[in-house]
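Engineer: Here it is: the structure, laid out below.
The values are calculated or read from the model by the stated rules, or taken from the named source; none is laboratory data. What you are looking at is a predicted structure, and each value in this text was computed from that prediction instead of being measured. Cβ sites come from the backbone with ideal geometry, for glycine too, and all protein chains shown count toward neighbours. Please note that ligands, DNA and RNA were not included when accessible areas were found on the heavy atoms of the full protein model with its side chains. Shrake-Rupley method; radii C 1.70, N 1.55, O 1.52, S 1.80 Å.
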Amino acid sequence: MKGTGNLILYREFEQEELFRNLTWLIENYDNPYYNKEDVEALLFECLKKLLELAERHGFSGNLWHCFLTFLLVSSENAYSRACERRSEVEGTICVIAAHDFAVIKELFDFEIEKLWRHVSPECVESMRCYRAVEENGTSFNRQIKEAVRMLCSHLERVEDAAAFQAAVTEFYKTFGVGKFGLHKAFRICHDKKGVGIVPITNIAQVQLDDLVGYERAKKKLLDNTEAFVSGREANNCLLFGDAGTGKSTCIKAIANQYFHRGLRLIEVYKHQFCDLNDVISQIKNRNYKFILYMDDLSFEEFEVEYKYLKAVIEGGLEKKPNHVLIYATSNRRHIIRENDSDKSESKEDMHTSDTVQEKLSLYARFGVTIYFGAPNKKEFQQIVLALAKRYALPMHQEELLAEANKWELSHSGRSGRTAQQFMQYLLGKQ
């Protein structure tokens, strides 16, 4: 068997320490040179980490095969990035990758049960036919989880390294690779290395149809996103209007609907606007469509973070990549707080019109603006009835609407959020 030291492209993995320890054990588990107790201790340590990984990702079947498949779909290197979401890849890099896949195919075919057979026979069957407590895991969405499982099953059936490489490459072409290929949404974080983009593993599984009403607003958002994902010209979007009307829900639904077509969502908070250039530099060469999502966007007079955002959207020397858009939600149409004094002559400001233009300039950088207004009484009742039908609530319509009217009067007024909270109240009483 070729050693893992022969790998060229696939040398760095997310679980590199576990991979190195397991492959060392494969090469040396029966080597009399090493102390048997030390080898067994390392063996059980690896098993513990492998089981924790299996539960986190919902592995099932042969744990060794699941682990190697997970490493392959997570490994970002020159070959996997070249393949992500593209139809064909040619060049010398394919030949180099074939060398690595030949090594990995040998590892894949190794009967990992041999490692445990002499020290823990009861683990052998568990390693071959593992079943996680949480079969869907907590790290992937269900679609990706099933795709990785199918890839693992396919790799178990292929006969040679060429077919092995072809199967993994097809996955890269369809879904992508690494964190951007395996996740829908992300947030920005800071660590020792600087600005990082980390996956959000539990995004709400909402669809646009879950939002009752607002058909014109949803279509406007859908049309712009469809153009963007299809590679046509599209605009930055501002969803504004009353609180609780479904602005954020619409953007989450867009992320779910277009994930399979390469759309990814990166959540950005107001205090992180100064990091936007670093974020864009990390995603500008990846073959996905990215939406920078800014929820509840608004600024007081003393807050100047919006100037960073203006420069990123339009105005900086470096052009914003074509595969990056900004979608924001706000309760304010013009985003930045305005005062009556802004439009009247003031001794403190000699050029009031310039002040007004400065505050409107951010709003003007959103080519598509979509209004979400609070529903009237009839629309609110339609939302309540639709939610009651969705949750199969056994309650007469007249009684339901009467209780809904009492609820909205004593709470936050009429909105989709109020109707949802009312449903949760009724369901909690059952």
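Engineer: Quick one: which residues, 5+ away or cross-chain, put their amide H under 5 Å from the amide H of L239? H built at 1.01 Å from N.
Structural biologist: Correct list: A328, T329, S330, I370.
Engineer: Continuing with the same structure: Quick check on my link table: of K179/K219; K105/K284; K173/K270; K247/K307, which ones sit more than 28 Å apart, alpha carbon to alpha carbon?
Structural biologist: Numbers: K179/K219 30 Å; K105/K284 33 Å; K173/K270 34 Å; K247/K307 24 Å.
Listed pairs above 28 Å: K179/K219; K105/K284; K173/K270.
Engineer: Whole-Hz Karplus ³J(HN,Hα) for the stretch 270-283, in order, using 6.51 cos²θ - 1.76 cosθ + 1.60 and θ = phi - 60°, x for Gly and Pro?
Structural biologist: Here the 3J(HN,Hα) series is 4, 6, 9, 4, 5, 8, 4, 5, 5, 5, 5, 5, 7, 10 Hz.
Engineer: With Cβ to Cβ distances under 14 Å as the rule, what net charge do the other residues near Y391 carry (K, R +1; D, E -1)?
Structural biologist: Working: positive: K389, R390, K429; negative: D210.
Here the count lands on +2.
Engineer: Could I ask something else about it? Could you give the dipole magnitude of the chain about its Cα centre, charging the beta-carbon of Lys and Arg +1 and that of Asp and Glu -1, in debye to the nearest 20?
Structural biologist: The calculated dipole for the chain is roughly 1200 debye.
Engineer: Here are some values of Cα Rg over 2.2 N^0.38 Å: (1) 1.14; (2) 1.01; (3) 1.22. Which one was computed from this structure?
Structural biologist: Matching the structure shown: (3).
Engineer: Can you compute log10 of I(q)/I(0) for the stretch 376-430 with the Debye formula, treating each Cα as one identical point scatterer, at q = 0.24, 0.25, 0.28 Å⁻¹?
Structural biologist: Rounded to two decimals, the profile gives -0.90, -0.99, -1.27.
Engineer: Probe of 1.4 angstrom, ligands and nucleic acids ignored: what's the accessible area per residue over the chain, in square angstrom? Don't jump to the answer; show the numbers that get you there.
Structural biologist: Values: 22240 Å² over 430 residues.
Ligands and nucleic acids excluded, the result is 52 Å² per residue.
Engineer: Could you give me the ³J(HN,Hα) list for the stretch 161-171, computed from phi with Karplus coefficients 6.51, -1.76, 1.60 and θ = phi - 60°, whole Hz, x at Gly and Pro?
Structural biologist: 5, 5, 5, 4, 4, 4, 5, 5, 4, 5, 4
Engineer: By how many nm would the segment from V198 to Q15 lengthen if fully extended, with 0.36 nm per residue of separation less the alpha-carbon distance? Numbers along the way, then the final one.
Structural biologist: Numbers: separation 183, 0.36 × 183 = 65.88 nm, distance 1.60 nm.
Working it through step by step, the gained length comes to 64.3 nm.
Engineer: Treat every Asp and Glu Cβ in the stretch 154-291 as -1 and every Lys and Arg Cβ as +1, leave all other atoms uncharged, and give the resulting dipole magnitude about the Cα centre to the nearest 20 debye.
Structural biologist: Numbers: 20 positive and 15 negative charges, 74 e Å.
That gives the stretch 154-291 a dipole magnitude of about 360 debye.
Engineer: Using the Karplus equation 6.51 cos²θ - 1.76 cosθ + 1.60 (θ = phi - 60°), what ³J(HN,Hα) coupling, rounded to whole Hz, does each residue of the stretch 216-230 give in order, writing x for Gly and Pro?
Structural biologist: Coupling constants for the stretch 216-230: 5, 5, 5, 5, 5, 5, 5, 5, 5, 5, 4, 4, 5, 5, 7 Hz.
Engineer: If you don't mind, there's one more thing I want to ask. From Cα pairs below 8 angstrom and at least 6 apart in sequence, can you work out the relative contact order of the chain, rounded to a whole percent?
Structural biologist: Averaging sequence separation for qualifying contacts and normalising by length gives 14 percent for the chain.
Engineer: Moving on. Using 7 Å Cα-to-Cβ label points, what is the Q207/E52 separation (nm, one decimal)?
Structural biologist: Roughly 3.8 nm, to one decimal.
Engineer: Can you give the FRET efficiency for I8 and Q382, using 1/(1 + (r/R0)^6), R0 = 41 Å, r = Cβ-Cβ distance, to the nearest 0.05?
Structural biologist: Details: r = 61 Å, r/R0 = 1.49.
According to the calculation, E is roughly 0.10.
Engineer: Not counting ligands, DNA or RNA, and with a 1.4 Å probe, what is Y288's accessible surface area in Å² rounded to the nearest 10?
Structural biologist: Here the accessible area works out near 10 Å².
Engineer: Now, a different point. If I stretch the segment between E159 and F44 completely, what's the gain in nm (0.36 nm per residue apart, minus their alpha carbon distance), one decimal? Don't skip to the end; give the middle numbers.
Structural biologist: Values: separation 115, 0.36 × 115 = 41.40 nm, distance 3.10 nm.
Taking 0.36 nm per residue and subtracting the Cα distance, the gain is 38.3 nm.
Engineer: Next question. Can you tell me the orientation of helix 16-28 relative to the chain, as the angle in degrees between its alpha-carbon axis and the longest Cα principal axis, to the nearest 10?
Structural biologist: 10
Engineer: Relative to the present Cα-Cα distance, how much length would full extension add between A166 and S281 at 0.36 nm per residue of separation? Intermediate values should be presented prior to the final figure.
Structural biologist: On the way: separation 115, 0.36 × 115 = 41.40 nm, distance 3.05 nm.
The span from A166 to S281 would gain 38.4 nm if fully extended.
Engineer: Same structure, new question: Out of residues 5 or more away from G367 or on other chains, whose amide H comes under 5 Å of its own, with H placed 1.01 Å from N in the peptide plane?
Structural biologist: Residues meeting the criterion, in which the H sits 1.01 Å from N, are N236.
Engineer: For the chain, with the dipole built from +1 on Lys and Arg beta-carbon atoms and -1 on Asp and Glu ones, taken about the Cα centre, which of G196, I313, W116 lies farthest toward the positive end?
Structural biologist: Value computed over the given set: I313.
Engineer: While we're here: Residues with amide H under 5 Å of F186's amide H, sequence separation 5 or more or different chain, H placed in the peptide plane at 1.01 Å from N; which?
Structural biologist: Hits under the 5 Å cutoff: I200, L265, I266, E267.
Engineer: Counting DSSP beta bridges with both partners in the chain, what percentage is antiparallel, nearest 5? Working shown, then result.
Structural biologist: Numbers: 9 of 32 bridges.
Beta bridges within the chain, antiparallel portion: roughly 30 percent.
Engineer: In nm, to one decimal, how far is the N28 label point from the V95 one, both placed 7 Å along Cα→Cβ?
Structural biologist: 3.4
Engineer: If I model a spin label as a point 7 Å beyond the Cα along the Cα-Cβ vector, how far apart are those points for A78 and M395 in nm?
Structural biologist: Simple spin-label model gives 6.3 nm for this pair.
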